[in-house]
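The values are calculated or read from the model by the stated rules, or taken from the named source; none is laboratory data. The shown structure was predicted, so the numbers you read here are calculated from the model rather than taken from an experiment. Quick reminder, even Gly has a Cβ in these numbers, built from the backbone with ideal geometry, and neighbours come from all protein chains shown. These area figures cover heavy atoms from the full protein model, side chains too; ligands, DNA and RNA do not enter into them. Shrake-Rupley method; radii C 1.70, N 1.55, O 1.52, S 1.80 Å.
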Amino acid sequence: RRPIQKIMADKVTSHEFVRDRGFGDILLERYGVWDTPEEVPLEELPETFALKASHGWKMNWFRRPGDPLPVRRIRRMMRRWLRTDHSLKDGEWQYRDTRRRLLAEPLLHFPGGIATIYRFFCFGGVPKIVKLNAGHFSEARHAGAYFDLDWHKLPFLKVGQRGIDGAIRPARLGRMAE
């Protein structure tokens, strides 16, 4: 087990790690990081934002233009997030003893409402494979593909995931892989 896995599993410490290594220009700004739901100034955040827990996955709430702001319901949801321990629930050791926090960031808008996410798989600390997810937040449109760092498509997919043909190599792939 490598200690860096604990750093990267936490959305706050991974952000700091990337920034401290000179890559702050590729990070989203943060509206804030808080320890309790009561500290989050929901009414003072911009009209659109992404609210997240720092210590896991599927703990996000997105406010889109014109959406209501059900403060009591959101605070209950954040309390539930802070009680979630993925090290116990899912056996994910890197989340054990992770400081549980809340954060807010700008809500990203994607052409056609389809988010494109790139994930890097490292072996021995070196990036070797890029996973492209398109339509990540839409089950109906979610598709993916795996590539090597020269952007050659690899011959496998996640079980049950639709493939992507003709994916364009990101212009900043080299910078992303640094």
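Figures for the structure shown
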item	result
Gaussian network model of the chain, Cα within-10 Å springs - most flexible of G166, G144, G24	G166
Qualifying lysines (Cα of each under 26 Å from Cα of K89; at least 8 residues distant if same chain)	K6, K11, K52, K58, K131, K158
Cα gyration tensor shape for segment 1-97, rounded if a/c is under 1.5, else prolate or oblate	oblate
Nearest 10 degrees, 0 to 90: helix 71-83 Cα axis against the chain principal axis	60 degrees
Residue-averaged [θ]222 nm for the chain, counting only DSSP H segments that reach four residues, each worth -39500 (n - 2.57)	-5000 deg cm²/dmol
Per residue accessible area of the chain, 1.4 Å probe, in Å²	62 Å²
Accessible-area ranking of V130, V33, largest first, probe 1.4 Å	V33, V130
Positive minus negative residues near D97 (Lys, Arg vs Asp, Glu; Cβ under 14 Å)	+3
Pairs of alpha carbons in the chain whose separation is greater than 19 Å (percent)	65 percent
